[in-house]
Amino acid sequence: MSKIISVRDLCKTYKLKGYENEVLRNINFDMEDGEFVSIMGPSGSGKSTMLYTVSGMDNMTSGTVNFASREISTLSNKELSKVRLTEMGFIFQQMYMLRKLCVFDNIVLPGYQAGTPRNAVNDRAVELMRNLGIEDIAQREIGEVSGGQLQRACICRALINSPKVLFADEPTGALNSKASNEVMQEIRKINNRGTGVMMVTHSVRVAAQSDRVIYLVDGNIKGDVTLGRLESEEDIVPRDQWLNGWLMNQGW
Ligand SMILES: Nc1ncnc2c1ncn2[C@@H]1O[C@H](COP(=O)(O)OP(=O)(O)OP(=O)(O)O)[C@@H](O)[C@H]1O
Ligand SMILES: [Mg+2]
């Protein structure tokens, strides 16, 4: 297997009035191509900051991030935007859909921006919406759909350019358990087709479905455990129980 992401000595410090807040301190890890990694840890431990800096959405204070054989920090803004548009997908809670556009138009927008022929983008959008069970809300306005439908629309939009890695910050955070299970099934399907996933979650049951869990405390990786591939739905409960024990040992 080859590495899709290599992070070396990543530090991120926010300078606030009068003092510095060291949010990430010497983070080191590699992610294999196609791997599904969960990031867990207490509130404020730096999980979201890690996703933002690794994906080039926010700049790092020091260190290096290699994504698909390119050093993120050496790319121009234009090159980085292209990588982010065509090779990364994002599901971030604060990245809202455009309310002036319907669900379908929101989903196809990054495809058009990437310059892919519109017919191909439209076909891909229809396929994704069908896979996620939201084809019937294509023409709805953003304000007229449920939270779970909106979350699935965000996944469609994130995947429209067939990214190498999907970055997701608490993709099931606002959902009830049924909608959460549906979204996780879709993320696993996408992952099984080869897209890597780096996902922040507070849910042990959700993390138990990934290949590996990284546990952050105060901006350091305190634990990093490989669960292996989830082979069947029945394995979720025992993995959940095992992961709970592991997390307790980490101070969860
Ligand atoms: N833009 C910012 N400016 C200054 N400090 C920030 C900024 N964003 C985050 N922080 C600080 O960085 C630390 C880590 O924040 P981060 O959002 O990465 O935590 P998190 O692990 O994702 O927490 P949660 O589980 O609550 O989402 C916190 O102390 C936070 O206050
Ligand atoms: Mg967060």
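The values are calculated or read from the model by the stated rules, or taken from the named source; none is laboratory data. The structure displayed is predicted, hence computed values, not measured ones. Using ideal geometry, Cβ is built from the backbone for each residue, glycine included, and neighbour counts are taken over all protein chains shown.
The table below gives the values:
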read-out	value
Options S45, S38; residue that is in contact with a Ser or Thr (Cβ under 9 Å, 6 or more places away or on another chain) and either closer than 21 Å to R212 by Cβ or surrounded by 20 or more Cβ atoms within 10 Å (Cβ to Cβ) (or both)	S38
Filter result for T13 (more than 14 Å from I221 (Cα to Cα) and either in contact with a Pro (Cβ under 9 Å, 6 or more places away or on another chain) or β-branched (V, I, T) (or both))	yes
1 or more residues more than 16 Å from ligand 1 (Cβ to nearest atom) and surrounded by fewer than 14 Cβ atoms within 10 Å (Cβ to Cβ): qualifying helices (runs of 4 or more DSSP H) within segment 127-233	147-159, 177-192
Sole exception among (1) within 15 Å of ligand 1 (Cβ to nearest atom); (2) surrounded by fewer than 19 Cβ atoms within 10 Å (Cβ to Cβ); (3) modelled with pLDDT of 95 or more for T64, by number	(1)
Within segment 118-176, tally of residues that are small (G, A, S), at pLDDT below 95 and over 17 Å from S55 (Cβ atoms)	8
Subset of segment 41-56 (residues that are within 9 Å of ligand 2 (Cβ to nearest atom) and more than 17 Å from A207 (Cβ to Cβ))	G44, T49
Condition met for S62 (more than 17 Å from the chain's Cα centre (by Cα) and in contact (Cβ under 8 Å) with a residue 24 or more places away in the chain)	yes
